[in-house]
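Only one structure is covered here, and it is reproduced in the block below.
The values are calculated or read from the model by the stated rules, or taken from the named source; none is laboratory data. Keep in mind that what you see is a predicted model, and the values were worked out from it rather than measured. As a convention, Cβ positions derive from the backbone with ideal geometry for all residues, glycine included, and neighbour counts pool all protein chains shown.
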């Protein structure tokens, strides 16, 4: 076997520094925003008992898993999602956890399926859950966190939109108007496809599902309501629909939309009756984030699944959450020009030496990189700097200063025989190109002010 | 199957928020310090072709791997270490990468072996490599990075030590003094065990390996040299040994130790002839970090392996690097009291509301959490805050202020009917317990100065 033939396995990625910088940019935003919203990070094993994945999804899931056995012949599988692990962890310690449980995680997940655009065999998924808190407050909270992370990554209300629905409320509305209990599965099937089809496609769908004329009229009105923006005040179709719904249903929908408005999400969010989410386990509120131009698959999705923890052997605990994958998100950020060309870390300081021996440069570089601690070594009082230097043998200061500029450093420190004989070094501000000679004992203070100035600029 | 029976698989860990905070603390330090030292982060797939792992380690490795097949019947395995992936990635793009390649990674790795203290089936390993740069400068650089990360995590020179050796130099020294070429494998075998045995154990070892009296004398002198601290200036035994070594060997050893001294590592590092590292692929410099109390297995280890990239089908490129696992490191940090009790993130602000409707509190909380952008939406000018609030139904401000204090927040904002009727809120500084009433439009500025003051305190 010639070893050069090795490639990353199908559907997986190599993260060279530029790709890794993008991944870091995304993961850091997810983590930072989750913490700001009061969520705590958790994680579990990369693989779990194969049986754990059957609890929620049944035996069919097995063909979509990477599964294997350990030396004790236990059946294990790489996690296809985090939710079963979350449910297991909560079920195991339910009594001892502070309520509500507000957790997030950023696991790598695995699917043994055919790779395609936006779907890989290995991907990273941000998971957010509130467990132990029923009702619209927690629903709004997770939706707001989802939106805020996308804002933090530079997306605006013109780049993406969030549609929300409520399976229980909409069921009541359907039953009270034009759907019989026996026809509910058909109704959800039709709703799910409503916005993906053109006029002809919808007519064919109604025919295939044996819709009566009054049903067709209602579905067309729902279709218009969503197309009109899904806000009662702007959509005559939605107004007409809601006029026939039970009062408690319209009140709950209006209240939730006004909760989203309070959180500054009025422009972004719309009530979208067609969002029903495939997974059978959602029990109430559901939502999806997607590209505003509509040419991408869902960016994130979630909702309320109040029977989840019970299903995994824990107590009955209400739960709401969502997941967002890195692959579709990165495509969206790129398509909307929201990724900087270069996300690699920039140096603070670049050290240049034209001395014959390395010891003085080694000492300075090492000293500048190392954090300074307080006396009893309990606290970092001055964090170390990101310091780079050249590996080339040249003493050509012009060339070395070019390398310094390319590193993104704010300041260059130059160790040369002349200045060193006076115990000094030259410090060059790489933004305004000014140069000063300072004592080597003062150099940390000098570069510190240059770095602080450049950070403000 | 009763679902409550599910546990994390053997040898893996659940990371609840406190455990995850420790992992984050460690990973963040690794990442921060790597970047400061000019390294770029990379990652690869969690699994690779099974054959890739045989290149370096032969067929025996297979029994220590979690292996499986994908739908295309390809043999894959969970990575037991990162080095084969690194070598593959460099071999694939060797021509296009800037030299030297300075990369780090923080992958999860997997070993299908019996779990024991300090060894799990799933662990996290920090990997650092310099590729394309031969010689002691890069050797010193990776050792210094290893030390600096341990300093950054709060460890001091009394907590850990680093021993270094050089396989090529020590081979020359042995051959020039008391070891014949045919006895070299025995010599390395003996050196590797020298510091792990008491007087009697060493005598038995010498006998088992048929050592002549002059060999025994030399090994005992080496044993003393290491016990005396491994610095020529302090160790009479080392001085006697080195007096008989070829001049270029002693010069190289002295020069490398003085390079370490320049980097401020004099106290920490010692030349340790017994460090030979098991892996056959090391070609020169080797080192290990370990608990200074000597009661733990190696914390980190590495060295130079100049044939690595070639072995994986790439060009001949010199390389030096090391790995450090999270499991042993966490034990060491705990044993030396270098982990804070609570590493969970602290809130900046806690919002309390005694109003009847949630909209005003929702709006304020959402606004404080969200970053503020410049006008053309290219830059965050004011990052959002970590804001928490209570989920309890109570309006008892005393109890809510206790909850605020427990969150670690610097400031509490209280929305109450009286103040709100004047368009105001109360802001409580939770450090000095002072309280002020401010207009709701000024509240961001007020809490900002409290947070800045508390950060300096």
Assess whether residue B:301 counts as being out of contact with any helix residue (DSSP H, G or I) (no Cβ under 8 Å at 6 or more places or on another chain) and without any contact (Cβ under 8 Å) to a residue 60 or more places away in the chain. yes
Return a yes/no flag: does region A:258-269 have any residue that is in the same structural domain as residue A:157 (by TED's automatic domain parsing), in a strand (DSSP E or B) and buried (at least 16 other Cβ atoms within 10 Å of the Cβ). yes
Take residue B:313 and decide whether it is in contact with a helix residue (DSSP H, G or I) (Cβ under 9 Å, 6 or more places away or on another chain), in contact (Cβ under 8 Å) with a residue 24 or more places away in the chain and on the phi > 0 side of the Ramachandran plot. yes
Since residue B:25 meets every condition but one in (1) closer than 19 Å to residue B:105 by Cβ; (2) under 24 Å from the mean Cα position of the chain (by Cα); (3) within 8 Å of chain A (Cβ to nearest Cβ), which condition does it not meet? (3)
Just one of (1) within 14 Å of another protein chain (Cβ to nearest Cβ); (2) farther than 20 Å from residue A:146 by Cα; (3) in a loop (DSSP other than H, G, I, E, B) trips up residue A:280, so point out which. (1)
For residue A:250, indicate whether it is in contact with a helix residue (DSSP H, G or I) (Cβ under 9 Å, 6 or more places away or on another chain), more than 14 Å from chain B (Cβ to nearest Cβ) and within 21 Å of residue B:358 (Cα to Cα). yes
Is it the case, given these coordinates, that residue A:55 is farther than 23 Å from residue B:45 by Cα, touching a helix residue (DSSP H, G or I) at 6+ places or on another chain (Cβ under 9 Å) and in the same structural domain as residue A:134 (by TED's automatic domain parsing)? yes
Residues in region A:218-232: is at least one over 25 Å from residue A:162 (Cβ atoms) and either part of a helix (DSSP H, G or I) or within 14 Å of chain B (Cβ to nearest Cβ) (or both)? no
Would region A:3-12 turn up any residue that is in contact (Cβ under 8 Å) with a residue 12 or more places away in the chain, facing chain B (nearest Cβ under 7 Å) and crowded, with 18+ Cβ neighbours inside 10 Å? yes
Filtered residue count, region B:28-39, keeping only those that are more than 8 Å from every other protein chain (Cβ to nearest Cβ) and in contact with a helix residue (DSSP H, G or I) (Cβ under 6 Å, 6 or more places away or on another chain): 2
Helices (runs of 4 or more DSSP H) wholly in region A:359-422 with at least 3 residues that are loosely packed, with under 13 Cβ neighbours inside 10 Å - which ones? A:397-406, A:417-421
